[in-house]
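What follows is one structure encoded as structure tokens, with my remarks underneath.
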Amino acid sequence: MDVRIDPYGRSCIKITFDYNDLLVKAVKNVAGSWWINERKFWIIPDKQDSVNQFLTNLYDTHMFDFSLPLPPAAGKIESQQINSEKYAALLETKHYSKRTIEAYSKWLAQFRKRFSTMPADSLSQKEINIFLSELAVKRDVSASTQNQALAALLFYFRYVKGDNPQQLDSVIRAKKPVRLPVVFSRDEVQKVLNNLEGDKKLIARLLYGTGMRLNECLNLRIQDIDFDRNEITIRNGKGAKDRRTMLPNLLAAPLHEHIAKVKLIHDADIADGWGKVPLPNGLDKKYPAASLDFSWQWVFPQKNRWKNLKTGIEGRFHMDASIMERAVQTAVRTAGIYKHACCHTFRHSFATHLIENGYDIRTVQELLGHADVKTTMIYTHVLNKGPSGVRSPLDQL
């Protein structure tokens, strides 16, 4: 099965392949994907996140898996399999997120495929240099993608192989661009929100009103919202950190109404004999009844229950991120906004508008959950705006 990826216009990527249900699902689950019926191909946004998501979806189809070559000794196969399992287990032990474990494992698989003719034990930092340089030169990946591949390989060499590569000076580095965040104006925020409805509109209002990342919002549990203190607790955010942010006063009543509807859904699930949700850190083993408790339910559950075909057990997970991404992309286009915007743009707009309103950078840093204030400093681009901003000499003629 061949999948062809080509540039299309200034801001899109064209994807063509012979019809296959799995491939169609893989491309449809990319935020902003679009089927061009006249020419019979798909397009996705020319963004690194979109490309990464599409490649991840392709790998998940298992249509492009490869087999490691058989080494001379049977023990080598067992060793490679053990190392692969040990790699994922070590990542999990060190509390890496599920998405990071998946991404790192795929980079390791690509690295092994590139040097499939070599025994695993003979791979060294020389091969790391070659692999990373090819990513930059031949595959033209971004700097962040190359750095992720490097981190995945270093983890393998240091903690699984027991080596510690240090001489990586010969690597051809992908150039890291300096980019300003895409930000909505206040009027644009309102236009986008007006083109959303139901749960999706409430989620978008939360993203803009709190500065949460999309996955942080979708992972909220009922108990994470404190109406008395007007606070939202974000559990296990980026970097496995908890933090608190404000609950906008305008959203208190809509959230109350929404949670009441979720309670009805949960009661119906329990009446049908289901109603359990997955709990973090193995709490379902320590407290077996907790997964049925309403306080642990998702604030934004998915529309339909999933069913385990092997066991017959049914459950309900939270809304999938791709559903929200597509809804926002459609709302942005409908509003006539020609910016490279997505759900994360609400977070950028939240920080930018806070600084425009005079809040200090440290406050914004805490609300966003940044470990280093340097990350938050990117939003100081707004200091050139407003009454005290720099005025062009042309405007003074």
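The values are calculated or read from the model by the stated rules, or taken from the named source; none is laboratory data. Just so we're clear, the structure is a prediction, and the values are computed from it rather than from any experiment. Cβ atoms come from the backbone with ideal geometry, glycine included; neighbour counts cover every protein chain shown. These accessible areas exclude ligands, DNA and RNA; they are computed on the full protein's heavy atoms, side chains included. Shrake-Rupley method; radii C 1.70, N 1.55, O 1.52, S 1.80 Å.
Would you check the accessible area of Thr145, probe 1.4 Å, heavy atoms only, in square angstrom rounded to 10?
10
Using Cα positions and a limit of under 19 Å, work out the lysines in reach of Lys201, with same-chain residues fewer than 8 apart set aside.
Lys191, Lys261, Lys303
Just how large is the dipole of the chain about the Cα centre, in debye to the nearest 20, putting +1 at every Lys and Arg Cβ and -1 at every Asp and Glu Cβ?
I would put it at about 540 debye.
When N counts the residues of the range 184-225, how does its alpha-carbon radius of gyration compare numerically with 2.2 N^0.38 Å, as a ratio?
On the way: Rg = 11.0 Å, N = 42, 2.2 N^0.38 = 9.1 Å.
Dividing the Cα radius of gyration by 2.2 N^0.38 Å gives 1.21.
How are the Cα pair distances of the chain distributed, in percent, across 10 Å bins from 0?
4, 17, 27, 27, 18, 6, 1, 0, 0
Percent of alpha carbon pairs in the range 1-60 separated by more than 17 Å?
That fraction is 27 percent.
Please list the helices of the chain that count as membrane-span-like by this rule: a mean Kyte-Doolittle hydropathy of at least 0.0 together with Cα atoms stretching 30 Å or more along the helix axis, each helix being a complete DSSP H run.
249-271
For the chain, what's the relative contact order in percent, using C-alpha pairs closer than 8 Å and at least 6 residues apart? Display every interim value, and only then the final one.
Values: 457 pairs, mean separation 53.4, N = 397.
Once divided by the residue count of the chain, the mean separation gives 13 percent.
Taking Rh as the Kirkwood radius, which is the inverse of the mean 1/r over Cα pairs, what is the Rg/Rh value for the range 127-257?
In the range 127-257, Rg relative to Rh is 1.15.
Quick check: from the Cα gyration tensor, does the range 185-335 come out rounded (a/c under 1.5), prolate or oblate?
Prolate is the answer for the range 185-335, as a/c is 1.5 or above and a/b outweighs b/c.
Suppose a student asked you for the relative contact order of the range 1-43, using Cα pairs under 8 Å spaced at least 6 residues apart; what percent would you report?
35
Out of every Cα pair in the range 250-334, what percent are spaced more than 15 Å from each other?
Cα-Cα pairs of the range 250-334 separated by over 15 Å account for 66 percent.
Local charge sum around Lys276 (other residues, Cβ-Cβ under 11 Å, Lys/Arg +1, Asp/Glu -1)? Walk me through the numbers before you get to the answer.
Values: positive: Arg305, Arg316; negative: Asp269, Asp284, Asp293, Glu314.
My count for the surroundings of Lys276 gives -2.
Could you do me a favour and compute the accessible area per residue for the range 323-380, 1.4 Å probe, result in Å²?
On a per-residue basis, the range 323-380 sits at 47 Å².
Per residue, what accessible area does the range 175-259 have, given a 1.4 Å probe and all protein chains present, in Å²?
Using a 1.4 Å probe on heavy atoms only, each residue of the range 175-259 averages 56 Å².
Per the 1.4 Å probe, what fraction of the accessible area of the chain, in percent, lies on carbon and sulfur atoms?
Working: 12280 of 23680 Å².
Carbon with sulfur: 52 percent of the solvent-accessible area.
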